Amino acid sequence: MKEGAPLERVDGVHVRRNGRLWLDFGGCDYFRLAHAPALRRALIRWVRTQGWNVAASRLTTGNHPLYAQVERKLARFFGAEAALLMPTGYSAPLAVAQALAGRFTLALIDQEAHVCLHDAAMFLGCPVRTFPHRDVSAVARQVRRAGPGARVILLTDGLFGWNGAVAPLAEYRRVLPPNAWMLVDDAHAVGLLGRRGRGSVEAAGLSRGHLIQTVTFSKALGLYGGAVLCARQVRQWLVARSGCFGGGTPMPPPWAAAVETALAELRRRLPQRDRALRAAAQLRQDLRRAGWEVLDTPAPIVALFPASRLEAARLRRALLAEGIDPPWTEYPGRAAGYFRFMLAPSHTADHLERLRRALMSVRRD
Ligand SMILES: Cc1ncc(COP(=O)(O)O)c(C=O)c1O
């Protein structure tokens, strides 16, 4: 792995790289909230009137009353009993695993799960087995093999951000023992899935018993930080047992103060999802006609895997010729690089046509 080249996001659709503006189809700012004036105002309002750091753990003197207020709003938005803010989305599953350590005899994890879930699994203190990507029968087999006394937890992304695939949560629930838990990293699903944008748990129509959802504010919500949505009892365990929660400084207050505005903005922009989804469906159709294999997903994400380095280089040149920053992605845990296009509601017909033209002009291997 290596660092990406430096790049500056300029507005909802452009980036500046090497001193030049390029059309942008990268990243996970799904509703382009990271530049929304309402969020900027909320942050500035807080910084003007209050401090920007509590400079202590929430177990000591860092428990600003704002945090509990925001957690109540989050719990209401997601339809969960309780919420706990975390400094990042990455640390949220780690904290959950620390809180639940010792409760399970087997952890099952999707082989394509985000690296933070693989890290989290190490805290559970039980054997960890991977299962093939979204393979419900493989989960059922592992459960049968574990026997009737097994205490199982399943870890998966709700929506896999690298290609837009959705985890079959309801099917997992059907083959898991009734006492099994699920830890769902919904970093990408918030805003994209579910009628109210609550993510994969809402989309799958699952009840929240024995289910913990972790989210990030750094993608569809345009902010920074993370949260755990869970039962009240689990929240208590998190506070009491998680070093990731108690051993560090919480999310800076200005960011926490802007969460409510971000949720309101997301709600307002949810109807715009359809536009991006229609554009993604059209692009997939065109790509298939040109011989590409592309996954159908309910997310505005189109992942293209070039067959060779030469093909990747041709795609790159074609994108640059249309003034598009090539969204080449190399991600922890993935062997090969690929192009990941994210279509946002703010992309105009002209932007989409430039992308289509670039991709269609490439000779396939
Ligand atoms: C699936 C998934 N989980 C967790 C994270 C980490 O979230 P954060 O950036 O808020 O730490 C990411 C990426 O950023 C992600 O893609």
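Rg over Rh for the chain works out to 0.98, using Cα positions for both radii and the Kirkwood form for Rh. Reported to the nearest whole Å, the Cα centre-to-centre distance from the range 304-323 to the range 21-57 is 33. With 12 Å as the cut-off, how large is the P(r) tail for the range 297-339, expressed as percent of Cα-Cα pairs? Every Cα pair in the range 297-339 considered, those over 12 Å come to 65 percent.
Excluding ligands, DNA and RNA, the accessible surface per residue across the range 56-210 is 38 Å² with a 1.4 Å probe. Database remark: amide H of ASP185 closer than 5 angstrom to the amide H of THR156, ASP157, GLY158, THR214 (H placed geometrically; neighbours at sequence offset of 5 or more, or on other chains; Pro and chain starts carry no H). Radius of gyration (Cα atoms) of the range 54-251, expressed as a multiple of 2.2 N^0.38 Å: 0.97. Treating each Cα of the range 129-245 as an identical point scatterer and summing with the Debye formula, the log10 of I(q)/I(0) at q = 0.16 Å⁻¹ comes to -0.80.
When the surface is traced with a 1.4 Å probe over the full set of protein chains, TRP46 keeps roughly 40 Å² accessible.
Amide H contacts for THR130 (H built 1.01 Å from N in the peptide plane; partners 5 or more residues away or on another chain; cut-off under 5 Å): ILE109. From Cα pairs below 8 angstrom and at least 6 apart in sequence, can you work out the relative contact order of the chain, rounded to a whole percent? In percent, rounded to a whole number, it is 23. Largest GNM mean-square fluctuation across ALA227, ALA349, ALA36, computed for the chain with C-alpha springs under 10 Å, falls on ALA349. Ligands, DNA and RNA left out, the accessible area of the range 54-251 computed with a 1.4 Å probe is 52% carbon and sulfur. Computed across the range 222-301, the Kirkwood radius stands at 16.5 Å (inverse of mean 1/r, all Cα pairs).
Computed from phi, the 3J(HN,Hα) profile of the range 280-287 under the Karplus parametrisation 6.51, -1.76, 1.60 (θ = phi - 60°) reads 5, 5, 5, 4, 4, 4, 4, 5 Hz, with x in place of Gly and Pro. For the pair ARG20 and SER361, a Förster radius of 30 Å applied to the C-beta separation gives a FRET efficiency near 0.90, rounded to the nearest 0.05. Its residue count N sets the reference 2.2 N^0.38 Å, and the alpha-carbon radius of gyration of the range 40-164 equals 1.35 times that reference.
Evaluated with a Cβ-only charge set (Lys, Arg +1; Asp, Glu -1), the chain carries a dipole of roughly 440 debye about its Cα centre, given to the nearest 20. Label sites at ALA55 and MET1, each approximated as a point 7 angstrom past Cα along Cα to Cβ, lie 3.3 nm apart. Global dimensions of the range 95-158 from alpha-carbon coordinates: Rg and Dmax equal 11.1, 30 Å.
The values are calculated or read from the model by the stated rules, or taken from the named source; none is laboratory data. Small disclaimer: the values here were computed from a predicted structure and weren't measured. No Cβ is skipped: glycine too gets one built from the backbone with ideal geometry, and neighbour counts run over all protein chains shown. Note: accessible area is taken over every heavy atom of the protein model, side chains too, but ligands, DNA and RNA are not part of it. Shrake-Rupley method; radii C 1.70, N 1.55, O 1.52, S 1.80 Å.
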